[in-house]
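Some notes on the structure that comes next.
The values are calculated or read from the model by the stated rules, or taken from the named source; none is laboratory data. Just so you know, these numbers come straight off a predicted model, no measurement behind them. As a convention, Cβ positions derive from the backbone with ideal geometry for all residues, glycine included, and neighbour counts pool all protein chains shown. Protein only, heavy atoms only, side chains kept; ligands, DNA and RNA dropped before computing areas. Shrake-Rupley method; radii C 1.70, N 1.55, O 1.52, S 1.80 Å.
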Amino acid sequence: MISSPQARNNVVIRGHGTQPMLFAHGFGCDQTMWRFVAPAFENDYRVVLFDYVGSGKSDWSAYDPQRYATLDGYARDVLEICRELDLRDVIFVGHSVSSMVGILAANEEPERFSDLILIGPSPRYINDADYVGGFERADIEGLLDTMERNYLGWASFLTPIIMKNPERPELTKELEASFCSTDPEIARRFAEATFYADNRTDLPKVRVPSLVLQCSEDAIAPPEVGEYMHRHLRGTTFRVMEATGHCPHMSHPEETIRLMKDYLASRSTEPSPAVSA
Amino acid sequence: MNDFPLDDAPCGVLTFTDDGHIIAVNATLCRLLGYDRDALSGGHLQKILSPGGRVFYQTHFFPLLKLQEEVEEVYMSLRGQSGDEIPFLVNARRQERNGRSENDCILVRMRQRSHFENELLSAKKAAENANKAKDQFLAALSHELRTPLSPVLMMSTAMELDPALPDEVREQAGIIRHNAELEARLIDDLLDHSRIRHSKLTLVRTTVDVHELLTQTAEIVRSEGTSKRVNILFEKNARDHFVFGDAARIQQVFWNVIKNGVKFTPSGGEVRVVTSNVDGELVVRVTDTGIGIASEALPKIFQAFEQGSLPTGSFGGLGLGLAISRAIVKMHEGRIEAASEGPGRGATFSVALKTIAPPAPSSAPTTPVLAITSRALRLLLVEDHDSTREVLIRILRRAGHQVHGAVNGAEALELLRTAGPFDALISDLGLPDRSGFDLLREIHSTHPALPAIALSGYGMDEDVKRAKDAGFTAHLVKPVPFDQLRALLDQIAASAL
């Protein structure tokens, strides 16, 4: 049985606005990671959240190792969701690997997207000649090894702890059911698709205006990568955050929301930015 | 910092902010990592994480901690001052303190355990690989074993039915056929067992008349009973005898249970098959007057490779029939149970299945019963295995059909041009020059309505599904069950009328 993209990717729609804002989670988690940021946009936008196949509450039976061997498969999911929901003028918000997924989708169907908001993007994680990605191949193998040991069952990843949060019991329930409950095989393949990818040549092709949020002291996307993005992405607004780490939408949601709103406000007063540059 | 309460605790203690800044660290952790406290305190977590560990921290550890407020038993590899990696088990919890969120961790070094984990991991991988290899081997083996059985079975069937042959020869051909069928059944059981173990068995459910199914099963087992002088009696007492299930699989269950009854019942004994309705269920009880089952053996008889307390093999068979039957019944949300008053006192097997309303009288028969309609068809047969092709041609011709045989896809396409039109295609799936799926696609591009029957050595459910998806009307597993092939051809003949 083939499930619709909406069911397959556990699409959740919230908010009161008309313009869609599509939030794409990063590697290792699912849509719950947007909990601290997405609600701030529900008044003005149609907030669309989803899980990649193999993450969260997606339809795991739809996982196809070939399709998801590269980020193109994930980009296809994004486009299929957009088509099924007939989303137009989409503001795509992608964290980490999803930034590249969004870029691939926007290069495929540029007319569908109005903006790309890219949080901690990196077109390539592994160093290559003069290019500084921040990692060597062996580092990624270290990650895979750590993941493997944890997914084996010693860690409590697969059985999330009930959160002591009596005033918001719905969160507990949600977490129990889904968060990070990932199949080790799928997680490994997603990690390989993410960290062995090289999307540098896709950057100059982007025609959709974008905002890049670069954290200071980001261990995954170091400043050199941010600068590379800035140089090769046309018409981008580049902002270095006070937030450190790689997940500002979780560690520093207020700053993240503020910068996103600033950007969107500047876009609405100035409808066609310098994309032609 | 000197009054750090857990400074010399027998584990590392560490507190850090959401930014990853270390605000407290105990002496034990400093010692384990080879740092002075001053070098760590106020510093960043990055300093003690390996590059891979940093990614893991950002993609898993921190998001989880933030969302769940605590994590337990997380494996993390930390980097000591000398650059070596030290494995730790980490528990962490968030606390609201000093007007901000602080993350408290305890870290237990795991040197020995880490070695064991490595060994376990590689043992697990080796076991998984061996298991995969075993499955592939079983599938390949069964395919190889089936292929030569196919012509044996068909040839012996043809000889058995040939009125021109002396009775004695026909009888001997019958023995060959019977034994070839037994062999095929053993191979099927091995395949089924492996499918069940990997949850790959799928049901094709329709409305099934269990009474009709029992009539058909009776036909199959009758000869076994007769040859052993065991009387098989049927009492169809149930008023509701329709279930929603997979006809072929349910028949397999009855066949297994009745065959078992015959097998373990001495000459002159009896196997009684009685149906009844109990609490909205259809219960089929198979009672024999055989050797019975010891009470301590009862719980084990549904396990694979078990034959009660008997050493496997003393009554023949692999001991898979009941294990497979139980799995099939379970998939139908039913129950299968065994009872016996002890050795020498016979046994009763009962199968309970939920009933459904009988189909409306106008609807088609529920199971493909052998149709009587028969019309000569023009058939294109594609099969690269020489003996199988020749035997099939012989049998099909004897059934009155006109048959053209091809050894590969190219020859089949050529015949389609020169010797057509045909009423149906019968094709092996593994042809030397292309797959049967590709061949059918090519043929359907010019002859879209041509009915097609797939033959293959693999009976995996995915194959059956793939064949259906590719446009095949039906899929038969070798050795080709001639009854089914004839029934399919009769259906094609009837629908073409």
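Which one of the conditions (1) open to solvent by 50 Å² or more (accessible area, probe 1.4 Å); (2) within 14 Å of another protein chain (Cβ to nearest Cβ) does A:ARG83 fail to meet, given that it meets all the rest?
(2) is the only condition that A:ARG83 fails.
Have a look at B:LEU107, B:LEU49, B:LEU45, B:LEU32 and point out the one that is over 25 Å from A:PHE135 (Cβ atoms), at pLDDT 90 or above and touching a strand residue (DSSP E or B) at 6+ places or on another chain (Cβ under 9 Å).
B:LEU32
Just one of (1) of a type in the set (Ser, Thr, Tyr); (2) part of a helix (DSSP H, G or I); (3) under 25 Å from A:TRP34 (Cα atoms) trips up B:SER101, so point out which.
(2)
Out of the strands (runs of 3 or more DSSP E) lying entirely within region B:194-247, which hold 1 or more residues that are in contact with a Lys or Arg (Cβ under 6 Å, 6 or more places away or on another chain) and open to solvent by less than 70 Å² (accessible area, probe 1.4 Å)?
B:231-236, B:242-245
How do the strands (runs of 3 or more DSSP E) wholly within region A:1-75 filter down when requiring 2 or more residues that are crowded, with 21+ Cβ neighbours inside 10 Å: which remain? Full working, then the answer.
Working: elements: A:12-14, A:20-24, A:46-49.
Per the criteria, A:20-24, A:46-49.
Give the residue, chosen from B:SER122, B:SER142, B:SER156, B:SER150, that is of a type in the set (Ser, Thr, Tyr) and without any contact (Cβ under 8 Å) to a residue 12 or more places away in the chain.
Answer to the selection: B:SER122.
Of all residues in region B:136-182, how many are closer than 26 Å to B:LYS228 by Cβ and aromatic (Phe, Trp, Tyr)?
0
Kindly establish whether A:TRP34 is touching a strand residue (DSSP E or B) at 6+ places or on another chain (Cβ under 7 Å) and among the aromatic types (Phe, Trp, Tyr).
Yes: the conditions hold for A:TRP34.
Among the residues of region A:89-123, which ones are in a strand (DSSP E or B) and within 15 Å of the chain's Cα centre (by Cα)?
Within region A:89-123, A:VAL90, A:ILE91, A:PHE92, A:VAL93, A:GLY94, A:HIS95, A:ASP115, A:LEU116, A:ILE117, A:LEU118, A:ILE119 qualify.
Limited to region B:47-65, what total is found for residues that are at the interface with another protein chain (Cβ under 7 Å from one of its Cβ atoms) and in a helix (DSSP H, G or I)?
Here the count works out to 12.
Just the residues that are open to solvent by 40 Å² or more (accessible area, probe 1.4 Å) and closer than 17 Å to B:ILE443 by Cα, please, taken from region B:393-407.
B:HIS404, B:VAL407
For B:ALA158, are the conditions met, namely being more than 30 Å from B:HIS44 (Cα to Cα), small (Gly, Ala, Ser) and within 14 Å of chain A (Cβ to nearest Cβ)?
In short, no.
Residues of region A:219-243 being out of contact with any helix residue (DSSP H, G or I) (no Cβ under 6 Å at 6 or more places or on another chain) and open to solvent by less than 10 Å² (accessible area, probe 1.4 Å), which ones?
A:ALA221, A:VAL225, A:GLY226, A:MET229, listed by residue number.
Scan region B:75-93 residue by residue and report those that are open to solvent by 70 Å² or more (accessible area, probe 1.4 Å) and within 26 Å of A:HIS252 (Cα to Cα).
Hit for region B:75-93 is B:ARG93, nothing else.
Filter region A:125-151 for residues that are more than 19 Å from A:ARG231 (Cβ to Cβ) and either out of contact with any Asp or Glu (no Cβ under 9 Å at 6 or more places or on another chain) or assigned to a loop (DSSP other than H, G, I, E, B) (or both) and give the result.
Residues satisfying the conditions are A:PHE135, A:GLU136, A:ARG137, A:ALA138, A:ASP139, A:GLU141, A:LEU143, A:ASP145, A:THR146, A:MET147, A:GLU148.
Given the condition over 51 Å from the mean Cα position of the chain (by Cα), more than 30 Å from A:VAL97 (Cα to Cα) and among the aromatic types (Phe, Trp, Tyr), answer yes or no: does some residue in region B:31-41 qualify?
yes
State yes or no: is B:SER150 away from chain A (no Cβ under 12 Å) and assigned to a loop (DSSP other than H, G, I, E, B)?
Taking the combined requirement at face value, the residue does not satisfy it.
Need pairs with beta-carbon distance below 8 Å; first residue within 18 Å of B:ARG54 (Cβ to Cβ) and within region A:244-262, second part of a loop (DSSP other than H, G, I, E, B) and basic (Lys, Arg); sequence gap 6+ or separate chains.
none
In the set B:GLU96, B:GLU128, B:GLU117, B:GLU72, which member is over 25 Å from A:ARG35 (Cα atoms), of a type in the set (Asp, Glu), open to solvent by 30 Å² or more (accessible area, probe 1.4 Å) and out of contact with any Gly (no Cβ under 8 Å at 6 or more places or on another chain)?
Sole residue among the options that is over 25 Å from A:ARG35 (Cα atoms), of a type in the set (Asp, Glu), open to solvent by 30 Å² or more (accessible area, probe 1.4 Å) and out of contact with any Gly (no Cβ under 8 Å at 6 or more places or on another chain): B:GLU128.
Determine whether A:GLU254 is over 20 Å from A:ALA24 (Cβ atoms), part of a helix (DSSP H, G or I), away from every other protein chain (no Cβ under 14 Å) and open to solvent by 10 Å² or more (accessible area, probe 1.4 Å).
In short, no.
Out of region B:381-392, which residues are of a type outside the set (D, E, K, R) and open to solvent by 20 Å² or more (accessible area, probe 1.4 Å)?
Within region B:381-392, B:HIS385, B:SER387 qualify.
So which pairs qualify, if the first residue must be in region B:69-84 and free of Cβ contacts under 8 Å to residues at least 60 places away in the same chain, the second must be assigned to a loop (DSSP other than H, G, I, E, B) and open to solvent by 70 Å² or more (accessible area, probe 1.4 Å), the Cβ gap must be under 7 Å, and the two must be at least 6 apart or on different chains?
B:GLU69/A:LYS164
Got at least one residue in region A:209-219 being within 14 Å of chain B (Cβ to nearest Cβ), at pLDDT 90 or above and in contact with a strand residue (DSSP E or B) (Cβ under 7 Å, 6 or more places away or on another chain)? Steps first, please.
Start the filter on region A:209-219 by keeping residues that are within 14 Å of chain B (Cβ to nearest Cβ), which leaves A:215-219.
With at pLDDT 90 or above added as a condition, the list becomes A:215.
Keeping just the survivors that are in contact with a strand residue (DSSP E or B) (Cβ under 7 Å, 6 or more places away or on another chain) gives A:215.
Checked region A:209-219: at least one residue is within 14 Å of chain B (Cβ to nearest Cβ), at pLDDT 90 or above and in contact with a strand residue (DSSP E or B) (Cβ under 7 Å, 6 or more places away or on another chain).
Out of B:GLY420, B:GLY436, B:GLY430, B:GLY409, I need the residue that is more than 22 Å from B:VAL477 (Cβ to Cβ) and either among the small types (Gly, Ala, Ser) or in contact with a strand residue (DSSP E or B) (Cβ under 7 Å, 6 or more places away or on another chain) (or both). Which one?
B:GLY420 is the lone residue from the list that is more than 22 Å from B:VAL477 (Cβ to Cβ) and either among the small types (Gly, Ala, Ser) or in contact with a strand residue (DSSP E or B) (Cβ under 7 Å, 6 or more places away or on another chain) (or both).
Can you name the residue in region B:21-46 that is open to solvent by less than 20 Å² (accessible area, probe 1.4 Å) and in contact (Cβ under 8 Å) with a residue 40 or more places away in the chain and is also nearest to the other protein chains (Cβ to nearest Cβ) among such residues?
This residue is B:LEU33.
Kindly establish whether B:ASP288 is more than 29 Å from the chain's Cα centre (by Cα) and open to solvent by 50 Å² or more (accessible area, probe 1.4 Å).
Taking the combined requirement at face value, the residue does not satisfy it.
Quick one: B:LEU121 ticks every box in (1) within 12 Å of another protein chain (Cβ to nearest Cβ); (2) at pLDDT 85 or above bar one, so which box is it?
(2)
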